[in-house]
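Trainee: Quick one: this structure, given as structure tokens, is what I'll be asking you about.
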Amino acid sequence: MENLPALMGVEDVARVLNISPYTVRRWASLQKLPRIKLGSRILFDPSDVAHFLEQARNASNRDNIHSDAAATTGGNHDQRSK
């Protein structure tokens with residue numbers, strides 16, 4: 001049998017993402033974060049958590065780029081003398 005990755009519990013994911021276990025459960029139920037349900041247990045594949053984190057970083061970088069561009073173009077006012 002292949003070496004399977006150890007699955008992560010809610011507390012593990014919360015610690016890695018620096019969020020509350022409640023938020024992990026909520027994101028999992030909203031399908032924002034892929035989960036594996038075994039009975040009443042909610043487990044996560046570490047590669048899914050890493051992918052989720054990478055997507056969040058990329059989205060954050062895109063937001064920063066857009067807000068930087070808006071800040072630079074937003075200050076370009078017409079400076080005609082009266």
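Trainee: Can you tell me which of (1) buried (at least 16 other Cβ atoms within 10 Å of the Cβ); (2) modelled with pLDDT of 95 or more is the one residue 17 doesn't meet?
Mentor: The failed condition is (2).
Trainee: Going through region 18-55 one residue at a time, which ones are on the phi > 0 side of the Ramachandran plot and part of a helix (DSSP H, G or I)?
Mentor: Residues satisfying the conditions do not exist here.
Trainee: A follow-up question, please. Being among the charged types (D, E, K, R) and either modelled with pLDDT of 75 or more or assigned to a helix (DSSP H, G or I) (or both), is that true of even one residue in region 71-81?
Mentor: Let us first name the residues in region 71-81 that are among the charged types (D, E, K, R), namely 78, 80.
Subset that is either modelled with pLDDT of 75 or more or assigned to a helix (DSSP H, G or I) (or both): none.
Scanning region 71-81 turns up no residue that is among the charged types (D, E, K, R) and either modelled with pLDDT of 75 or more or assigned to a helix (DSSP H, G or I) (or both).
Trainee: Can you tell me which residue within region 1-14, out of those that are over 15 Å from residue 35 (Cα atoms) and not charged (D, E, K, R), is surrounded by the most Cβ atoms within 10 Å (Cβ to Cβ)? Please lay out each step first, then the result.
Mentor: Looking only at region 1-14, we keep the residues that are over 15 Å from residue 35 (Cα atoms), and these are 1-4.
Adding the requirement that they be not charged (D, E, K, R) leaves 1, 3-4.
Details: 1: 3, 3: 5, 4: 7.
Among residues in region 1-14 that are over 15 Å from residue 35 (Cα atoms) and not charged (D, E, K, R), the one surrounded by the most Cβ atoms within 10 Å (Cβ to Cβ) is 4.
Trainee: List, please: which pairs have Cβ atoms under 9 Å, are six or more places apart or on different chains, and start with a residue in region 40-54 that is free of Cβ contacts under 8 Å to residues at least 60 places away in the same chain and among the charged types (D, E, K, R) and end with one that is assigned to a helix (DSSP H, G or I) and surrounded by 14 or more Cβ atoms within 10 Å (Cβ to Cβ)?
Mentor: That search, which allows pairs on different chains as well, returns 41/10.
The values are calculated or read from the model by the stated rules, or taken from the named source; none is laboratory data. Bear in mind that the values here come from a model prediction, so they are computed numbers and not experimental data. Positions of Cβ are backbone-derived with ideal geometry, glycine not excepted, and every protein chain shown enters the neighbour counts.
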